[in-house]
1. Determine the relative contact order of segment 53-156: mean sequence separation of Cα pairs under 8 Å and six or more apart, normalised by residue count, in whole percent.
2. Relative contact order for segment 89-209 using alpha-carbon pairs under 8 Å, separation at least 6, rounded to a whole percent?
3. Using the structure shown, list the pairs from Lys74/Lys212; Lys250/Lys300; Lys228/Lys299; Lys66/Lys97; Lys172/Lys388 with a Cα-Cα distance above 29 Å, or answer none.
4. Given 20 °C and 1.002 mPa s, how large is the Stokes-Einstein diffusion coefficient of segment 159-249 in µm²/s, with Rh as the Kirkwood radius over Cα pairs?
5. Would you grab the residues whose amide H sits under 5 Å from the one on Ile65? Only those 5+ places off in sequence or on another chain, please, with H modelled 1.01 Å from N.
6. For the chain, give the percent of accessible area contributed by carbon and sulfur heavy atoms, probe 1.4 Å, rounded to a whole number.
7. Among DSSP beta bridges whose residues both lie in segment 73-219, state the antiparallel percentage, nearest 5.
8. Can you tell me what the convex hull of the Cα atoms of segment 87-169 projects to on average, as an area in nm²?
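The values are calculated or read from the model by the stated rules, or taken from the named source; none is laboratory data. Predicted model, so just to flag it, every value in this text is computed and none were measured. Counting neighbours? That spans all protein chains shown, and the Cβs are built from the backbone with ideal geometry, glycine included. To get the accessible areas, we keep the full protein, side chains included, count just its heavy atoms, and leave off ligands, DNA and RNA. Shrake-Rupley method; radii C 1.70, N 1.55, O 1.52, S 1.80 Å.
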Amino acid sequence: MTNLWSDEEAKSFEGDLGLRVYTSNLLGRSDRLVLHGGGNTSVKSKVDGEDILFVKGSGWDLVSIKAEGFAPVKLDVLKKMATYESLSDSDMVKEQKEAMIDKEAPNPSVEAILHAILPFKFVDHTHADAVVTISNSKNGEKLIKDLYPNFLIIPYVMPGFILAQNIYEMSKDLDWNKCEGIILHNHGIFTFDDDGKTSYDKMIEAVQRAEKFLDEQAELNLEEITPKEFDVETLQAKISKAKGFDVAVKVNKSQLALNYASCSNLAQCATRGVLTPEHIIRTKRVPLIVENDIDSALKKFIADYESYFKKYAQEEIMLNPAPNYAVIKGFGVVSFGKNEKEAGIIDDVISHTMEAVLRADRLGGYKSISEADSFEMEYWELEQAKLKKA
Ligand SMILES: [Zn+2]
């Protein structure tokens, strides 16, 4: 992980928000920190004498975010929300919107309250591969504690209000000046500072620490494998039929994908869950596993998905039960999207997941969030609300 800061480049960004845009773009330039809309950043500033949190708006990517991509929200309102006993995420979004000083701005990130309660001007949040790889390993709790002795470490909870509330409670007696950052288990990392460059520097340094550890303890040793023959067109036709629309595919026969798809017990190795919770919206929790016959594999996938839904659902609307990607024994990985762009995004997410899984296996085994937590994320009321509207 390279620190991309350049004094020359930084000169063209002015003021608090300018600097915030610049270091957000720097974070976004590394796909090992954030992928496709992942991560979020903020800066606390003043507008007409009032304290305002400028926080990443939804729908923006850090790599290309501009000043207008940040939602300006009244800081005191957000801080007060952290003290509520309970709050649904839909109500949280509503209250956050009402506290915006520019109604044309995008919706604030669901982590806005968390950004607000961290007592530093700049806050950076990423889903750094190296950090989540270590966290998602069987000894993750101990390894993270040893690597980050001066960080606040939070066991997994759902993003949104509950996460902010948790950190608010856990940090009441914390000396923030001795806290170097926050690790959210199975999710990601926060760094912060009153100086924008330092907050970014801290993120890079923390991630370098995790990368160094992985290079020493969990090197990725890929075997050279020749892919076997596989009829992608037939698979594409069957998936299109199951989904109810024509899917675009992205085929991945890289050595990473081949090694991943060559595990002797594929149905177990390749179904161990997402790298960071929000990926589930794109990939579902598990892929279609094809070892022999496509039809029987697909039938089993859909039946399993329906029973997973029934097991946890209360009033939710079931999403399309067909798979979003397939792992094909000895061949590689095929991602399915509404269009090429979406298939490509899924392939990117899976590529990062595969590397994490293979490395975490070298640390004793990969272990993501539970099935119940996965369901809660996949069927998050905020995502469901969009469906119900549609
Ligand atoms: Zn996150």
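1. In percent, rounded to a whole number, it is 28.
2. 34
3. Among Lys74/Lys212; Lys250/Lys300; Lys228/Lys299; Lys66/Lys97; Lys172/Lys388, the Cα-Cα distance tops 29 Å for Lys74/Lys212; Lys172/Lys388.
4. 117
5. none
6. That share works out to 48 percent.
7. 70
8. Averaging across all directions leaves 6.8 nm² for the Cα convex hull.
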